[in-house]
Amino acid sequence: MNKHERVDYLEFPARDIKATKAFFETCFGWQFTDYGPDYSAFNENRLDGGFYRADLQGTTATGSALIVFYSEDLEATLAKVEASGGIIMRSIFSFPGGRRFHFTEPSGNEFSVWTEREPAQG
């Protein structure tokens, strides 16, 4: 894969780096490397990034880009987000191409999870 001019690293503000790390470790299995008390880098196997200590948060309401995860089982991922301390900002809804929900992690950054799959019939 050509690395030239591709997105390579994302950085997010975090009021509570410890809580944010715990959320992503528990919910998504991310691994972190601390660089002092005010920065922690993550590796989630597709994209690297980090969290820096700040009293800010990224939300779509404030014009932030929306980072979107993919899930093969949207309902199960929503349950994991809630069990890990995430707050559901917008419950599962349909949009052209699939379904998704929005959540914030403990430092208040907004993310989304989507799937093209219909809910399992049981």
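The values are calculated or read from the model by the stated rules, or taken from the named source; none is laboratory data. Given the structure is predicted, the values throughout are model-derived calculations rather than measurements. Every residue, glycine among them, receives a Cβ derived from its backbone with ideal geometry; neighbour counts consider all protein chains shown.
Quick notes on this one:
- Of all the residues in region 72-87, those that are exposed (fewer than 13 other Cβ atoms within 10 Å of the Cβ) and touching a helix residue (DSSP H, G or I) at 6+ places or on another chain (Cβ under 7 Å) number 0.
- In region 80-103, residue modelled with the highest pLDDT [restricted to those that are outside any strand (DSSP E or B) and more than 14 Å from the chain's Cα centre (by Cα)]: Ala83
- Those residues of region 75-98 which are in contact with a Ser or Thr (Cβ under 6 Å, 6 or more places away or on another chain) and of a type outside the set (A, V, I, L, M, F, W, C), in sequence order: Thr77, Ser84, Gly98
- Note on region 45-55: residues that are modelled with pLDDT of 95 or more, in a loop (DSSP other than H, G, I, E, B) and either surrounded by 13 or more Cβ atoms within 10 Å (Cβ to Cβ) or touching a His at 6+ places or on another chain (Cβ under 8 Å) (or both) amount to 1.
- Looking at Phe101, Phe111, Phe69, just one residue is aromatic (Phe, Trp, Tyr), free of Cβ contacts under 8 Å to residues at least 40 places away in the same chain and surrounded by 13 or more Cβ atoms within 10 Å (Cβ to Cβ), and that residue is Phe101.
- Region 13-50, residues that are among the aromatic types (Phe, Trp, Tyr), in contact with a helix residue (DSSP H, G or I) (Cβ under 6 Å, 6 or more places away or on another chain) and over 18 Å from Ser112 (Cα atoms): Phe32
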